[in-house]
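For reference, the structure discussed in these notes is given below.
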Amino acid sequence: MKNLIKNKKGQFVIIAMLMIAIMIISVGAIMHRAVTYYKHEPWEEYLTLMGNIELNSQRLVELSLVNYTQTEANNTYVLGDNLQKWQKNLTRIYLGYGASLNYTLANGTNYNYSFGLARNWNKAASFSAARVNFTLNIASIGLTGYEFMATAFLNLTILSIASNEVNVTVKGEDGVLITSLQKDNFEVSGFTISGFTSHYDREEGLVYTIECDSAVSTPVTVRVWDERGIQVTATGP
Amino acid sequence: MKNKNGQMRVIETILASFIIVFALSFANILAITPTSQKYEATELEKLGYNVLHDLDEQGLLARFVYTEEWDDIVAALRVTLPIDVYFNMTVYYLDDTNVTKVNQKPISYGYPETFVTSKNIASITYGLIGYPIGNNSTYQATYDPRIIILQLARG
(Lines give C-alpha, C1' and ligand atoms only; values in the text may rest on other atoms or scores of the structure.)
Protein backbone atom coordinates (compact mmCIF):
# COMPACT_ATOMS: atom_id res chain seq x y z
CA MET A 1 0.00 0.00 0.00
CA LYS A 2 2.91 2.34 0.89
CA ASN A 3 4.48 1.66 -2.50
CA LEU A 4 1.19 2.35 -4.17
CA ILE A 5 0.81 5.73 -2.50
CA LYS A 6 4.44 6.63 -3.01
CA ASN A 7 4.13 5.98 -6.72
CA LYS A 8 4.38 9.49 -8.06
CA LYS A 9 3.62 8.76 -11.73
CA GLY A 10 0.30 9.45 -13.37
CA GLN A 11 -0.44 12.97 -12.16
CA PHE A 12 -1.09 14.15 -15.70
CA VAL A 13 -3.82 11.58 -16.10
CA ILE A 14 -5.47 12.80 -12.88
CA ILE A 15 -5.32 16.44 -13.95
CA ALA A 16 -6.61 15.61 -17.44
CA MET A 17 -9.49 13.54 -16.09
CA LEU A 18 -10.46 16.19 -13.55
CA MET A 19 -10.43 18.86 -16.25
CA ILE A 20 -12.59 16.70 -18.48
CA ALA A 21 -14.97 16.09 -15.57
CA ILE A 22 -15.21 19.82 -14.85
CA MET A 23 -15.91 20.49 -18.54
CA ILE A 24 -18.63 17.85 -18.66
CA ILE A 25 -20.30 19.17 -15.50
CA SER A 26 -20.17 22.70 -16.96
CA VAL A 27 -21.74 21.50 -20.20
CA GLY A 28 -24.36 19.69 -18.11
CA ALA A 29 -25.21 22.89 -16.25
CA ILE A 30 -25.53 24.85 -19.50
CA MET A 31 -27.66 22.07 -20.99
CA HIS A 32 -29.87 22.12 -17.92
CA ARG A 33 -30.46 25.86 -18.25
CA ALA A 34 -31.16 25.56 -21.96
CA VAL A 35 -33.62 22.69 -21.77
CA THR A 36 -35.55 23.93 -18.75
CA TYR A 37 -35.86 27.47 -20.13
CA TYR A 38 -38.63 26.25 -22.44
CA LYS A 39 -40.43 24.63 -19.51
CA HIS A 40 -40.55 27.84 -17.49
CA GLU A 41 -41.29 30.24 -20.33
CA PRO A 42 -43.68 28.65 -22.84
CA TRP A 43 -43.79 31.80 -24.96
CA GLU A 44 -45.62 30.30 -27.88
CA GLU A 45 -48.51 29.27 -25.65
CA TYR A 46 -48.80 32.79 -24.28
CA LEU A 47 -48.49 34.30 -27.74
CA THR A 48 -51.44 32.19 -28.85
CA LEU A 49 -53.39 33.28 -25.77
CA MET A 50 -52.65 36.91 -26.64
CA GLY A 51 -53.61 36.18 -30.25
CA ASN A 52 -56.89 34.65 -29.09
CA ILE A 53 -57.75 37.69 -26.96
CA GLU A 54 -56.75 40.05 -29.78
CA LEU A 55 -58.79 38.14 -32.35
CA ASN A 56 -61.85 38.01 -30.10
CA SER A 57 -61.57 41.73 -29.37
CA GLN A 58 -61.48 42.40 -33.12
CA ARG A 59 -64.50 40.13 -33.62
CA LEU A 60 -66.39 41.91 -30.85
CA VAL A 61 -65.79 45.29 -32.50
CA GLU A 62 -67.08 43.89 -35.81
CA LEU A 63 -70.04 42.24 -34.12
CA SER A 64 -70.98 45.48 -32.38
CA LEU A 65 -70.73 47.37 -35.67
CA VAL A 66 -73.03 44.81 -37.30
CA ASN A 67 -75.50 45.34 -34.48
CA TYR A 68 -75.17 49.13 -34.77
CA THR A 69 -75.73 49.16 -38.55
CA GLN A 70 -78.73 46.80 -38.45
CA THR A 71 -81.13 49.60 -37.62
CA GLU A 72 -81.51 53.26 -38.34
CA ALA A 73 -81.65 53.87 -34.57
CA ASN A 74 -78.45 55.51 -33.36
CA ASN A 75 -77.61 53.11 -30.49
CA THR A 76 -73.96 54.00 -29.97
CA TYR A 77 -73.82 52.32 -26.53
CA VAL A 78 -73.78 48.79 -27.95
CA LEU A 79 -69.97 48.63 -28.36
CA GLY A 80 -69.25 49.92 -24.86
CA ASP A 81 -71.78 47.52 -23.32
CA ASN A 82 -70.32 44.53 -25.17
CA LEU A 83 -66.76 45.48 -24.22
CA GLN A 84 -67.71 45.73 -20.56
CA LYS A 85 -69.12 42.20 -20.66
CA TRP A 86 -66.07 40.89 -22.53
CA GLN A 87 -63.74 42.56 -20.03
CA LYS A 88 -65.60 40.88 -17.16
CA ASN A 89 -65.77 37.43 -18.79
CA LEU A 90 -62.12 37.42 -19.84
CA THR A 91 -60.93 36.55 -16.34
CA ARG A 92 -63.53 33.77 -16.10
CA ILE A 93 -62.56 32.24 -19.45
CA TYR A 94 -58.81 32.36 -18.81
CA LEU A 95 -58.72 31.43 -15.16
CA GLY A 96 -55.31 31.53 -13.53
CA TYR A 97 -53.62 33.64 -16.17
CA GLY A 98 -54.40 36.96 -14.50
CA ALA A 99 -55.58 38.42 -17.80
CA SER A 100 -57.13 41.88 -17.77
CA LEU A 101 -58.15 44.06 -20.69
CA ASN A 102 -58.61 47.83 -20.72
CA TYR A 103 -60.06 49.75 -23.62
CA THR A 104 -60.52 53.27 -24.93
CA LEU A 105 -63.36 53.96 -27.35
CA ALA A 106 -62.52 56.28 -30.23
CA ASN A 107 -64.20 59.66 -30.10
CA GLY A 108 -64.13 62.41 -32.69
CA THR A 109 -61.38 62.15 -35.35
CA ASN A 110 -62.08 62.46 -39.08
CA TYR A 111 -64.85 59.83 -38.91
CA ASN A 112 -66.61 61.62 -36.04
CA TYR A 113 -66.70 58.56 -33.78
CA SER A 114 -69.11 58.47 -30.89
CA PHE A 115 -68.36 55.80 -28.26
CA GLY A 116 -66.16 53.99 -30.78
CA LEU A 117 -68.80 53.87 -33.52
CA ALA A 118 -69.44 56.04 -36.55
CA ARG A 119 -71.58 56.06 -39.62
CA ASN A 120 -72.10 58.54 -42.38
CA TRP A 121 -74.93 57.27 -44.55
CA ASN A 122 -77.10 58.53 -47.40
CA LYS A 123 -74.23 60.27 -49.16
CA ALA A 124 -72.68 59.26 -52.48
CA ALA A 125 -69.65 58.07 -50.43
CA SER A 126 -70.98 56.54 -47.21
CA PHE A 127 -69.33 54.45 -44.52
CA SER A 128 -69.75 52.55 -41.26
CA ALA A 129 -66.79 52.40 -38.86
CA ALA A 130 -65.71 51.28 -35.41
CA ARG A 131 -62.42 51.71 -33.55
CA VAL A 132 -61.19 50.75 -30.10
CA ASN A 133 -57.71 50.87 -28.53
CA PHE A 134 -56.95 48.02 -26.13
CA THR A 135 -54.33 47.46 -23.44
CA LEU A 136 -53.77 43.87 -22.34
CA ASN A 137 -52.12 42.70 -19.10
CA ILE A 138 -51.32 39.07 -18.29
CA ALA A 139 -50.04 38.87 -14.73
CA SER A 140 -48.87 35.24 -14.90
CA ILE A 141 -46.11 36.12 -17.38
CA GLY A 142 -45.51 39.66 -16.18
CA LEU A 143 -46.96 41.20 -19.33
CA THR A 144 -48.25 44.72 -18.85
CA GLY A 145 -49.34 47.37 -21.29
CA TYR A 146 -49.55 45.31 -24.50
CA GLU A 147 -51.40 47.69 -26.81
CA PHE A 148 -53.37 46.87 -29.91
CA MET A 149 -56.10 48.48 -31.95
CA ALA A 150 -59.25 46.89 -33.36
CA THR A 151 -60.99 48.57 -36.28
CA ALA A 152 -63.86 47.69 -38.56
CA PHE A 153 -64.76 49.72 -41.61
CA LEU A 154 -66.97 49.48 -44.69
CA ASN A 155 -67.29 52.12 -47.38
CA LEU A 156 -69.81 52.23 -50.24
CA THR A 157 -69.43 54.77 -53.02
CA ILE A 158 -71.95 55.26 -55.83
CA LEU A 159 -69.81 56.22 -58.83
CA SER A 160 -72.34 56.68 -61.61
CA ILE A 161 -75.73 55.75 -62.98
CA ALA A 162 -76.35 54.85 -66.60
CA SER A 163 -79.91 53.94 -67.59
CA ASN A 164 -80.70 50.88 -65.46
CA GLU A 165 -77.13 50.34 -64.20
CA VAL A 166 -75.58 51.58 -60.97
CA ASN A 167 -71.78 51.49 -60.61
CA VAL A 168 -70.44 51.24 -57.07
CA THR A 169 -67.21 50.44 -55.21
CA VAL A 170 -66.97 48.80 -51.79
CA LYS A 171 -63.90 49.15 -49.58
CA GLY A 172 -62.92 47.78 -46.19
CA GLU A 173 -60.24 48.70 -43.65
CA ASP A 174 -57.33 50.74 -45.04
CA GLY A 175 -59.17 51.19 -48.34
CA VAL A 176 -58.81 47.54 -49.29
CA LEU A 177 -61.27 46.59 -52.02
CA ILE A 178 -63.91 44.03 -51.04
CA THR A 179 -63.89 41.57 -53.89
CA SER A 180 -66.10 38.76 -52.62
CA LEU A 181 -69.53 40.42 -52.85
CA GLN A 182 -72.38 38.93 -54.82
CA LYS A 183 -75.77 40.09 -56.08
CA ASP A 184 -77.32 39.06 -52.72
CA ASN A 185 -75.12 41.55 -50.86
CA PHE A 186 -76.80 44.56 -52.51
CA GLU A 187 -80.22 46.19 -52.42
CA VAL A 188 -81.38 49.12 -54.58
CA SER A 189 -84.28 50.97 -53.02
CA GLY A 190 -87.44 50.73 -55.16
CA PHE A 191 -85.89 48.42 -57.77
CA THR A 192 -85.30 44.71 -58.28
CA ILE A 193 -81.74 43.69 -59.12
CA SER A 194 -81.85 41.76 -62.39
CA GLY A 195 -78.15 41.43 -63.11
CA PHE A 196 -74.79 41.83 -61.43
CA THR A 197 -71.27 42.11 -62.87
CA SER A 198 -67.91 43.52 -61.84
CA HIS A 199 -64.95 44.92 -63.72
CA TYR A 200 -61.60 46.45 -62.95
CA ASP A 201 -61.19 50.22 -63.34
CA ARG A 202 -57.76 51.89 -63.39
CA GLU A 203 -58.75 54.64 -61.00
CA GLU A 204 -61.38 53.05 -58.79
CA GLY A 205 -60.18 49.45 -58.72
CA LEU A 206 -62.93 46.85 -58.63
CA VAL A 207 -66.27 48.34 -59.72
CA TYR A 208 -69.54 46.48 -59.19
CA THR A 209 -72.28 47.11 -61.76
CA ILE A 210 -75.78 46.53 -60.45
CA GLU A 211 -78.40 46.09 -63.17
CA CYS A 212 -81.95 47.03 -62.17
CA ASP A 213 -85.23 45.88 -63.73
CA SER A 214 -86.00 49.40 -65.03
CA ALA A 215 -84.27 52.73 -65.65
CA VAL A 216 -82.92 54.28 -62.47
CA SER A 217 -83.53 57.94 -61.66
CA THR A 218 -81.12 59.95 -59.51
CA PRO A 219 -80.58 60.04 -56.65
CA VAL A 220 -80.71 56.31 -55.99
CA THR A 221 -80.33 54.58 -52.63
CA VAL A 222 -78.09 51.50 -52.51
CA ARG A 223 -77.52 49.29 -49.50
CA VAL A 224 -74.65 46.82 -49.08
CA TRP A 225 -73.72 44.31 -46.37
CA ASP A 226 -70.44 42.43 -46.37
CA GLU A 227 -69.68 38.88 -45.24
CA ARG A 228 -69.34 40.03 -41.63
CA GLY A 229 -72.84 41.58 -41.77
CA ILE A 230 -71.70 45.22 -41.59
CA GLN A 231 -74.07 47.47 -43.56
CA VAL A 232 -73.84 50.80 -45.36
CA THR A 233 -76.54 52.77 -47.12
CA ALA A 234 -75.48 55.29 -49.78
CA THR A 235 -77.57 57.75 -51.79
CA GLY A 236 -76.35 59.47 -54.92
CA PRO A 237 -74.63 60.41 -57.03
CA MET B 1 3.79 -9.05 -14.60
CA LYS B 2 6.71 -8.05 -12.46
CA ASN B 3 6.33 -4.36 -13.37
CA LYS B 4 4.84 -2.93 -10.20
CA ASN B 5 4.70 0.73 -11.38
CA GLY B 6 1.53 2.36 -12.63
CA GLN B 7 -1.08 0.75 -10.32
CA MET B 8 -1.95 4.15 -9.00
CA ARG B 9 -2.67 5.27 -12.56
CA VAL B 10 -5.22 2.49 -12.93
CA ILE B 11 -6.95 3.51 -9.69
CA GLU B 12 -6.88 7.17 -10.70
CA THR B 13 -8.37 6.32 -14.09
CA ILE B 14 -11.15 4.32 -12.42
CA LEU B 15 -11.91 7.22 -10.05
CA ALA B 16 -11.92 9.69 -12.93
CA SER B 17 -14.27 7.40 -14.88
CA PHE B 18 -16.66 7.40 -11.92
CA ILE B 19 -16.60 11.22 -11.91
CA ILE B 20 -17.37 11.32 -15.65
CA VAL B 21 -20.20 8.78 -15.33
CA PHE B 22 -21.63 10.75 -12.40
CA ALA B 23 -21.47 14.00 -14.37
CA LEU B 24 -23.21 12.47 -17.38
CA SER B 25 -25.92 10.90 -15.20
CA PHE B 26 -26.50 14.23 -13.47
CA ALA B 27 -26.94 16.04 -16.80
CA ASN B 28 -29.24 13.33 -18.10
CA ILE B 29 -31.53 13.47 -15.06
CA LEU B 30 -32.03 17.23 -15.39
CA ALA B 31 -32.41 17.31 -19.18
CA ILE B 32 -35.93 17.45 -20.63
CA THR B 33 -35.51 15.69 -23.92
CA PRO B 34 -38.01 16.06 -26.79
CA THR B 35 -39.47 12.66 -25.95
CA SER B 36 -39.94 13.30 -22.24
CA GLN B 37 -43.43 13.47 -20.70
CA LYS B 38 -43.05 17.06 -19.55
CA TYR B 39 -42.24 18.21 -23.06
CA GLU B 40 -45.04 16.16 -24.63
CA ALA B 41 -47.89 17.80 -22.64
CA THR B 42 -46.63 21.30 -23.47
CA GLU B 43 -46.22 20.34 -27.11
CA LEU B 44 -49.82 19.11 -27.27
CA GLU B 45 -51.05 22.32 -25.62
CA LYS B 46 -49.23 24.39 -28.22
CA LEU B 47 -50.63 22.23 -31.00
CA GLY B 48 -54.19 22.58 -29.66
CA TYR B 49 -53.96 26.34 -29.26
CA ASN B 50 -52.57 26.75 -32.77
CA VAL B 51 -55.24 24.56 -34.35
CA LEU B 52 -58.10 26.40 -32.61
CA HIS B 53 -56.57 29.78 -33.39
CA ASP B 54 -56.12 28.90 -37.08
CA LEU B 55 -59.71 27.67 -37.38
CA ASP B 56 -60.93 30.81 -35.60
CA GLU B 57 -58.92 33.11 -37.88
CA GLN B 58 -60.49 31.46 -40.91
CA GLY B 59 -63.93 32.10 -39.41
CA LEU B 60 -64.74 28.39 -39.24
CA LEU B 61 -64.62 27.76 -35.51
CA ALA B 62 -67.19 30.42 -34.56
CA ARG B 63 -69.50 29.37 -37.40
CA PHE B 64 -69.41 25.68 -36.44
CA VAL B 65 -69.90 26.40 -32.72
CA TYR B 66 -72.75 28.90 -33.04
CA THR B 67 -74.62 26.94 -35.71
CA GLU B 68 -73.91 23.74 -33.72
CA GLU B 69 -72.34 21.91 -36.65
CA TRP B 70 -70.55 19.41 -34.39
CA ASP B 71 -69.73 16.93 -37.17
CA ASP B 72 -67.99 19.68 -39.11
CA ILE B 73 -65.86 20.55 -36.07
CA VAL B 74 -64.81 16.91 -35.79
CA ALA B 75 -63.94 16.85 -39.49
CA ALA B 76 -61.97 20.11 -39.28
CA LEU B 77 -59.99 18.96 -36.23
CA ARG B 78 -59.27 15.57 -37.78
CA VAL B 79 -57.89 17.27 -40.87
CA THR B 80 -55.73 19.76 -38.98
CA LEU B 81 -54.41 17.57 -36.13
CA PRO B 82 -51.88 14.76 -36.67
CA ILE B 83 -53.53 11.38 -37.09
CA ASP B 84 -52.12 9.98 -33.83
CA VAL B 85 -53.55 12.81 -31.72
CA TYR B 86 -56.93 12.05 -30.14
CA PHE B 87 -59.25 14.85 -29.08
CA ASN B 88 -62.30 15.46 -26.95
CA MET B 89 -63.99 18.87 -27.17
CA THR B 90 -66.68 20.37 -24.96
CA VAL B 91 -68.46 23.67 -25.60
CA TYR B 92 -69.90 25.66 -22.73
CA TYR B 93 -72.24 28.63 -22.64
CA LEU B 94 -71.19 31.36 -20.24
CA ASP B 95 -73.80 33.56 -18.56
CA ASP B 96 -73.53 35.92 -15.61
CA THR B 97 -73.30 33.18 -13.00
CA ASN B 98 -73.27 29.73 -14.60
CA VAL B 99 -71.37 27.74 -17.16
CA THR B 100 -73.64 25.33 -19.07
CA LYS B 101 -72.61 22.56 -21.44
CA VAL B 102 -73.90 23.19 -24.96
CA ASN B 103 -73.02 20.13 -27.01
CA GLN B 104 -75.05 17.07 -26.05
CA LYS B 105 -73.37 15.08 -28.80
CA PRO B 106 -69.70 14.18 -28.15
CA ILE B 107 -67.15 16.06 -30.25
CA SER B 108 -64.34 13.54 -30.15
CA TYR B 109 -62.01 11.28 -32.06
CA GLY B 110 -60.08 8.24 -30.81
CA TYR B 111 -60.59 5.70 -28.05
CA PRO B 112 -62.37 7.31 -25.07
CA GLU B 113 -60.27 5.24 -22.61
CA THR B 114 -57.16 7.01 -23.91
CA PHE B 115 -58.27 10.11 -22.00
CA VAL B 116 -58.48 8.02 -18.82
CA THR B 117 -55.32 5.96 -19.14
CA SER B 118 -52.93 8.37 -20.89
CA LYS B 119 -50.31 10.05 -18.71
CA ASN B 120 -50.06 13.07 -20.99
CA ILE B 121 -53.33 14.88 -21.59
CA ALA B 122 -53.23 18.49 -22.67
CA SER B 123 -56.22 20.69 -21.87
CA ILE B 124 -56.77 23.91 -23.80
CA THR B 125 -59.26 26.64 -22.97
CA TYR B 126 -60.40 28.87 -25.81
CA GLY B 127 -62.98 31.68 -25.79
CA LEU B 128 -65.43 32.93 -28.41
CA ILE B 129 -67.52 36.10 -28.16
CA GLY B 130 -70.35 35.59 -30.64
CA TYR B 131 -71.18 35.18 -34.29
CA PRO B 132 -73.53 37.19 -36.52
CA ILE B 133 -76.23 34.81 -37.68
CA GLY B 134 -78.60 35.91 -40.41
CA ASN B 135 -79.45 35.98 -44.07
CA ASN B 136 -79.53 38.77 -46.60
CA SER B 137 -79.62 42.07 -44.76
CA THR B 138 -80.97 40.84 -41.42
CA TYR B 139 -78.37 39.74 -38.88
CA GLN B 140 -78.58 38.83 -35.24
CA ALA B 141 -75.31 40.05 -33.78
CA THR B 142 -75.22 39.86 -30.01
CA TYR B 143 -72.53 39.21 -27.43
CA ASP B 144 -72.93 35.52 -26.65
CA PRO B 145 -69.73 34.04 -25.15
CA ARG B 146 -68.71 30.37 -25.38
CA ILE B 147 -65.86 28.51 -23.73
CA ILE B 148 -64.25 25.66 -25.61
CA ILE B 149 -62.33 23.01 -23.67
CA LEU B 150 -60.21 20.86 -25.96
CA GLN B 151 -58.45 17.81 -24.54
CA LEU B 152 -55.66 16.22 -26.54
CA ALA B 153 -53.83 12.92 -26.03
CA ARG B 154 -51.39 10.97 -28.13
CA GLY B 155 -52.95 7.68 -29.30
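The values are calculated or read from the model by the stated rules, or taken from the named source; none is laboratory data. Just so you know, these numbers come straight off a predicted model, no measurement behind them. Positions of Cβ are backbone-derived with ideal geometry, glycine not excepted, and every protein chain shown enters the neighbour counts.
The table below gives the values:
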| quantity | calculated |
| --- | --- |
| Number of the exception - residue B:97 against (1) farther than 30 Å from residue A:186 by Cα; (2) touching a residue at least 12 places away in the same chain (Cβ under 8 Å) | (2) |
| Considering residues of the stretch A:97-129 that are among the aromatic types (Phe, Trp, Tyr) and over 26 Å from residue A:157 (Cα atoms) only, the residue modelled with the lowest pLDDT | A:97 |
| Single condition residue B:92 does not satisfy, out of (1) more than 10 Å from chain A (Cβ to nearest Cβ); (2) of a type outside the set (Val, Ile, Thr); (3) not in a helix (DSSP H, G or I) | (1) |
| Enumeration of residues in the stretch A:89-106 that are out of contact with any Gly (no Cβ under 9 Å at 6 or more places or on another chain) and either among the hydroxyl-bearing types (Ser, Thr, Tyr) or more than 9 Å from chain B (Cβ to nearest Cβ) (or both) | A:96, A:97, A:98, A:99, A:100, A:101, A:102 |
| Boolean, residue A:27 is surrounded by 13 or more Cβ atoms within 10 Å (Cβ to Cβ), in a helix (DSSP H, G or I), modelled with pLDDT of 80 or more and facing chain B (nearest Cβ under 8 Å) | yes |
| Subset of the stretch B:48-82 that is β-branched (Val, Ile, Thr) and assigned to a helix (DSSP H, G or I) - its residue that is surrounded by the fewest Cβ atoms within 10 Å (Cβ to Cβ) | B:79 |
| Qualifying positions in the stretch A:51-86 - more than 7 Å from every other protein chain (Cβ to nearest Cβ) and within 17 Å of the chain's Cα centre (by Cα) | A:53, A:54, A:57, A:58, A:61, A:62, A:64, A:65, A:79, A:83 |
| Check on residue A:222, within 14 Å of another protein chain (Cβ to nearest Cβ), out of contact with any Ser or Thr (no Cβ under 7 Å at 6 or more places or on another chain) and outside any helix (DSSP H, G or I) | yes |
| Checklist (1) at positive phi; (2) within 19 Å of the chain's Cα centre (by Cα) applied to residue A:128, failing item | (1) |
| Of all residues in the stretch B:129-141 being more than 7 Å from chain A (Cβ to nearest Cβ) and under 22 Å from residue B:54 (Cα atoms), the one that is modelled with the highest pLDDT | B:131 |
| Members of the stretch A:178-205 that are more than 14 Å from every other protein chain (Cβ to nearest Cβ), more than 24 Å from the chain's Cα centre (by Cα) and among the hydrophobic types (A, V, I, L, M, F, W, C) | A:191, A:196 |
| Single unsatisfied condition, residue A:150 versus (1) at pLDDT 90 or above; (2) over 24 Å from the mean Cα position of the chain (by Cα); (3) over 15 Å from residue A:124 (Cα atoms) | (2) |
| Answer from B:134, B:127 - the residue that is surrounded by fewer than 16 Cβ atoms within 10 Å (Cβ to Cβ) and within 21 Å of residue A:66 (Cα to Cα) | B:134 |
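Yes/no matrix, rows are residues, columns are (1) farther than 25 Å from residue B:58 by Cα; (2) more than 14 Å from chain A (Cβ to nearest Cβ):
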site	(1), (2)
B:76	no, yes
B:103	no, yes
B:106	no, yes
B:115	yes, yes
B:126	no, no
B:143	no, no
